[in-house]
Amino acid sequence: QRILRLAEMCRRLETEEEKVLPFYPSSLAEGELQDARRALEETPVEPLARAVQDYVGLERFWQRFNKAKLEEKVLDQIRNALANRNQHLRELLQQYLAGVSLSRKVLKD
């Protein structure tokens, strides 16, 4: 119940794009999608499969959770790339400033 309440609260904070297209498109082929749908519609025989079916309602939660984790990883990679670029630009600036100060000393002499 707590997770469902949190999901409702999070729903209010979603952007319009997330409300309309909350997940990435599937990478499965049409035949694979049909097989997956058929498997979901069948009544499970094994006890573990029946127990898992009780938690199908949390599937959207896990999809959102995984999407958030993927986006977090992407943002980490972008942040690292920007940090590397920033460091490179700082080094170039230091080289430039060192060259400017050297040329001033040469002009004074």
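The values are calculated or read from the model by the stated rules, or taken from the named source; none is laboratory data. These figures come from a predicted structure and were not determined experimentally. We place every Cβ from the backbone using ideal geometry, glycine too, and count neighbours over all the protein chains shown. Accessible surface areas use protein heavy atoms only, side chains included; no ligands, DNA or RNA. Shrake-Rupley method; radii C 1.70, N 1.55, O 1.52, S 1.80 Å.
For a straight C-alpha distance cut-off of 18 angstrom, the aspartates and glutamates reachable from Lys67 (same-chain residues fewer than eight places away being disregarded) are Glu8, Glu14, Glu16, Glu17, Glu18, Glu59, Asp76.
The residues Asp35, Asp76, Asp54, sorted by heavy-atom accessible surface at 1.4 Å with ligands and nucleic acids left out, run Asp54, Asp35, Asp76 from largest to smallest.
Please state the charge dipole magnitude for the chain, taken about the Cα centre, from unit charges on C-beta atoms (+1 on K and R, -1 on D and E), reported in debye and rounded to the nearest 20.
On the way: 19 positive and 18 negative charges, 195 e Å.
That gives a dipole near 940 debye.
Each listed q (0.11, 0.12, 0.22, 0.24 Å⁻¹) maps to a log10 I(q)/I(0) for the chain, found by the Debye formula over equal Cα scatterers with no solvent: -0.64, -0.71, -1.25, -1.29.
Ignoring ligands, DNA and RNA, please state the percent of accessible area on the chain from carbon and sulfur, probe 1.4 Å.
Details: 6120 of 10440 Å².
Carbon plus sulfur share of accessible area: 59 percent.
Residues of the chain: accessible area per residue at 1.4 Å, in Å²?
Numbers: 10440 Å² over 109 residues.
Roughly 96 Å² per residue, with all protein chains present.
As a calculated quantity, the FRET efficiency between Glu32 and Lys73 at R0 = 30 Å, using C-beta atoms, amounts to about 0.75.
Using +1 at the C-beta of Lys and Arg and -1 at the C-beta of Asp and Glu, which of Leu13, Ala81, Ile3 has the Cα lying farthest in the positive direction of the dipole of the chain? Ranked along the dipole, the leading option is Ala81. Length gained on full extension, Glu59 to Glu14: 14.4 nm, using 0.36 nm per residue less the C-alpha separation.
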